[in-house]
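Just below is one structure, and these are the notes that go with it.
The values are calculated or read from the model by the stated rules, or taken from the named source; none is laboratory data. Source: prediction; values computed, not measured. When we count neighbours, we look across all protein chains shown, and the Cβ atoms used for this are built from the backbone with ideal geometry, even at glycine.
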């Protein structure tokens, strides 16, 4: 009888141990990835910004973004939905094959620092492009790291390549048509004028066209400051009027572009704030100007 009970106890202990080990193994890894039947990439694009995003259920959002700029740029963010990271962590980045390509080896892509933030991962330019290349190949870039909540947990976050290729082509088209300058490049712009004129010449029209192209998609300005200037030719009283006339010509441009007149402030400085010497024709040409300052 005692032998029978000992066997039963041993059996029960082995069962309990197996269940416990299975539970621990399950707790050791938390895997986040968009399911095959719902995995999707969403494109949002304009001449000033292109973004490609994927929702990762129960985790957050992965996004690639390229902005209008003089330099080519690509940015990848991995954002958390529920809570912020609490400490700096090193994540291992690998490119994993999908289940239907299980014979294909995974590829190491190095380590990524994760920062205490609701956007713990930020990868820029060449490394961000490399993530896109792996997705284009049908691979699943995967971040693996020790959980911030429990030290005995490993978190795995994968970007799914399912339904990626078609929208990726559109994303590349969007990036190719971004404006070749940023808002900072045009937020302070000089508009130059011919002698004793307040209408726009070819050079000033080209400068205003760049601003106009931006304002077609982004009118989120808090304030536009316009300062009208002249060279030293003519009487001061006349130059004050000419400076104001030039500034008002630029003001009309902004109003025509959809900016409220209440957001535009006009000043005239005549010839009292020269940018260059009035002793030369070249210097006087630089002084006949309106300085535009756009503030967000």
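Could we say that residue 119 is under 15 Å from the mean Cα position of the chain (by Cα), assigned by TED's automatic domain parsing to the domain that holds residue 33 and buried (at least 18 other Cβ atoms within 10 Å of the Cβ) here? Give the derivation first.
Values: under 15 Å from the mean Cα position of the chain (by Cα): yes; assigned by TED's automatic domain parsing to the domain that holds residue 33: yes; buried (at least 18 other Cβ atoms within 10 Å of the Cβ): no.
Here the answer is no, as residue 119 does not meet what is asked.
Have a look at 131, 135 and point out the one that is in contact with a helix residue (DSSP H, G or I) (Cβ under 9 Å, 6 or more places away or on another chain) and crowded, with 20+ Cβ neighbours inside 10 Å.
On the way: 131 fails: in contact with a helix residue (DSSP H, G or I) (Cβ under 9 Å, 6 or more places away or on another chain).
Selected residue: 135, the only one of 131, 135 that is in contact with a helix residue (DSSP H, G or I) (Cβ under 9 Å, 6 or more places away or on another chain) and crowded, with 20+ Cβ neighbours inside 10 Å.
Tell me the residue from 16, 43 that is assigned to a strand (DSSP E or B) and either modelled with pLDDT of 95 or more or farther than 30 Å from residue 179 by Cβ (or both), please. Full working, then the answer.
Working: 16 fails: assigned to a strand (DSSP E or B).
Every option except 43 fails the conditions.
Residues checked against (1) assigned by TED's automatic domain parsing to the domain that holds residue 196; (2) loosely packed, with under 15 Cβ neighbours inside 10 Å; (3) in contact with a helix residue (DSSP H, G or I) (Cβ under 9 Å, 6 or more places away or on another chain):
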residue	(1), (2), (3)
230	yes, no, yes
236	yes, yes, no
250	yes, no, yes
262	yes, yes, no
270	yes, no, yes
285	yes, no, no
288	yes, no, yes
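Looking at (1) in the same structural domain as residue 277 (by TED's automatic domain parsing); (2) buried (at least 18 other Cβ atoms within 10 Å of the Cβ); (3) not in a loop (DSSP other than H, G, I, E, B), which is the one condition that is false for residue 200?
Result: residue 200 fails condition (3) only.
Quick check on this structure: which one of 133, 92, 167 is assigned by TED's automatic domain parsing to the domain that holds residue 69, farther than 29 Å from residue 296 by Cβ, in contact with a strand residue (DSSP E or B) (Cβ under 8 Å, 6 or more places away or on another chain) and not in a strand (DSSP E or B)?
Details: 133 fails: in contact with a strand residue (DSSP E or B) (Cβ under 8 Å, 6 or more places away or on another chain); 92 fails: not in a strand (DSSP E or B).
Answer to the check: 167.
Please indicate, with yes or no, whether at least one residue in region 182-197 is buried (at least 16 other Cβ atoms within 10 Å of the Cβ), over 19 Å from the mean Cα position of the chain (by Cα), part of a loop (DSSP other than H, G, I, E, B) and without any contact (Cβ under 8 Å) to a residue 60 or more places away in the chain.
no
I'd like the residue in region 56-71 that is in contact (Cβ under 8 Å) with a residue 12 or more places away in the chain and in a loop (DSSP other than H, G, I, E, B) and, out of all such residues, is surrounded by the fewest Cβ atoms within 10 Å (Cβ to Cβ). Before you say what the answer is, go through the steps one by one.
Residues of region 56-71 that are in contact (Cβ under 8 Å) with a residue 12 or more places away in the chain, as a first pass: 56-70.
After this cut, where a residue has to be in a loop (DSSP other than H, G, I, E, B) as well, the list is 57-59, 68-70.
On the way: 57: 12, 58: 9, 59: 20, 68: 22, 69: 16, 70: 11.
Here the answer is 58.
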